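Asks: Supplied in C-alpha cells, the structure appears directly below.
Nothing in this text is a laboratory measurement; each read-out follows from the coordinates by a stated rule. The model shown is predicted, which means the values in this text are computed figures rather than measured ones. Methodologically, a virtual Cβ is constructed for each residue, glycine included, from the backbone with ideal geometry; neighbour enumeration extends over all protein chains shown.
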Amino acid sequence: MDDKITIAIDGFSSTGKSTIAKLIANKYNFIYVDTGAMYRAVTLFAMQNNLISNGFMDQTSLIKSLKEITLSFQFNMNLGFAEMFLNNVNVEKEIRTLEVSQFVSKIATISEVRKKLVSEQQEMGKQGGIVMDGRDIGTVVFPNAHLKLFMTASADKRATRRYNELIAIGDNVSFEDILFNVQERDRIDSTREDSPLVMADDAIEFDNSDMGITEQFDEICSVIDRIIL
Ligand code: DC
C-alpha cells in the first residue's frame, strides 16, 4: 500500500489526541492538522468582534463574516509543529485560553462554520500523508481514512491534564472550572445536531486513562506499520 495514508483521530477533549498525532506526524513524515485549533480560531475571531460573550452569540453576523476569516497553519521549526494563524496573525497562544474553550463548542454547532472548515480540511488532506485530529474526522471529513482512532479517558484525568497545561502557560485557572468545562464540552460536542462526536463504526477505541504516551504510541505505530507494509 502507498505509505501516504490518511489517519483520523477523534475523541473527547483533552484525551491527548494532538500529542499522539504530532508523534505520528514526526515518525512517518506526515502533515499534522489540529482541526480543534481551526474552531478555536473562529471562536477567537467572534470574541474579538464582539459576536460572542457570556449568554450571547450573534450567529447571523458571524455567518456573514465567515468570508473575512482566513485560517492557515505555519510550521514552527523550533516547536516542531504548525501554529495557527488567523488572518495572518499567530494566535496559537490566545486560542488555548479557558475563555476560548468556554465558547468554542457553541461556535462548533453552527453548520455554516462546520461547512467552511470541513471543506478546508478536506483540501489539506487530499494528497494523503496526513494525520488529522478532531471530533468528526473519521465520520465526516475523511470517512474513507485508512486508519481511524477514537481516544477516550475519564473526565477527571482529562481535566487534570488540561489544568497542568494551562498552569504551565501561566493561565490562572481553577481545577473545578476546567473539569466543568471538559464535561460541558463533552455534552455539547456529543449532542449537537450537525456532525456530533460519535465513534465511527470502523474506528479503534483507545481508553488512555491509565496508559502512558509511549505505550499508546507503540501500539498505534504497530497498527500503522501493518497498514503501510
Ligand atoms: O480539540 P479541541 O479541544 O481543541 O477542540 C475545540 C472544540 O472544537 C471542541 O470542543 C469541539 C470543536 N471541534 C469540532 O467540533 N470538530 C472538530 N473536528 C474539532 C473540534
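Asks: Have a look at Thr214, Ala37, Ala203 and report the one farthest towards the positive end of the charge dipole of the chain, computed about the Cα centre with Cβ charges (Lys/Arg +1, Asp/Glu -1).
Replies: Ala37
Asks: On to the next question. Is there a quick way to get the dipole size of the stretch 119-229? I mean about its Cα centre, with the Cβ of Lys and Arg at +1 and of Asp and Glu at -1; what is the value in debye to the nearest 20?
Replies: It works out to roughly 140 debye.
Asks: So, one more: Tell me the volume per residue, in Å³, of the convex hull enclosing the alpha carbons of the stretch 74-201.
Replies: For the stretch 74-201, the hull spanned by Cα atoms encloses 136 Å³ per residue.
Asks: Now a separate question. Expressed in nm², what is the orientationally averaged projection area of the convex hull enclosing the Cα positions of the stretch 60-112?
Replies: Average projection, Cα convex hull of the stretch 60-112: 4.4 nm².
Asks: What does the highest-first list of 138-147, 153-162 look like by mean Cβ count within 10 Å?
Replies: Sorting 138-147, 153-162 by mean packing, highest first, produces 138-147, 153-162.
Asks: Next question, about the same structure. Using helices alone, what [θ] at 222 nm do you get for the chain, with -39,500 (n - 2.57) per DSSP H run of 4 or more residues, divided over all residues and rounded to the nearest 500?
Replies: -14500 deg cm²/dmol, from helical runs alone.
Asks: Multiply the residue gap between Ser119 and Ala155 by 0.36 nm, knock off their C-alpha separation, and tell me the result in nm, one decimal place.
Replies: 9.9 nm
Asks: State the answer as a single residue: which of Ser65, Ser174, Ile20 lies farthest towards the positive end of the charge dipole of the chain, with beta carbon charges of +1 for Lys and Arg and -1 for Asp and Glu, about the Cα centre.
Replies: Checked the options; the winner is Ser65.
Asks: Grab every C-alpha pair in the stretch 134-218, bin the distances at 10 angstrom width from 0 up to the longest one, and report whole percents.
Replies: 16, 38, 36, 11, 0
Asks: According to the Kirkwood expression over distinct Cα-Cα pairs, how big is the hydrodynamic radius of the chain, in Å?
Replies: Here the Kirkwood hydrodynamic radius works out to 18.0 Å.
Asks: Now a separate question. Would you mind checking which residues have amide H under 5 Å from Gly11's amide H? H placed 1.01 Å from N; only 5 or more apart, or other chain.
Replies: Answer set, sorted by chain and number: Gly134, Met151.
Asks: With both bridge residues required to lie in the chain, what share of the DSSP beta bridges run antiparallel, to the nearest 5%?
Replies: 35 percent
Asks: Assigning unit charges at the beta carbon (Lys, Arg +1; Asp, Glu -1) and nothing else, what dipole magnitude in debye, to the nearest 20, does the chain show about its Cα centre?
Replies: About 520 debye.
Asks: Which ³J(HN,Hα) values in Hz, rounded to whole numbers, follow from the phi angles of the stretch 132-137 under the Karplus curve 6.51 cos²θ - 1.76 cosθ + 1.60, where θ = phi - 60° and Gly and Pro get x?
Replies: After applying 6.51 cos²θ - 1.76 cosθ + 1.60, I find 10, 10, x, 10, 10, 6 Hz.
Asks: Of the options Val104, Leu117, Ala159, report the single residue whose Cα projects farthest towards the positive end of the charge dipole of the stretch 79-229 (beta-carbon charges: Lys, Arg +1; Asp, Glu -1).
Replies: Leu117
Asks: What is the magnitude of the charge dipole of the stretch 1-130 about its Cα centre, with +1 placed on the Cβ of each Lys and Arg, -1 on the Cβ of each Asp and Glu, and no other charges, expressed in debye to the nearest 20?
Replies: The dipole of the stretch 1-130 has a size of about 120 debye.
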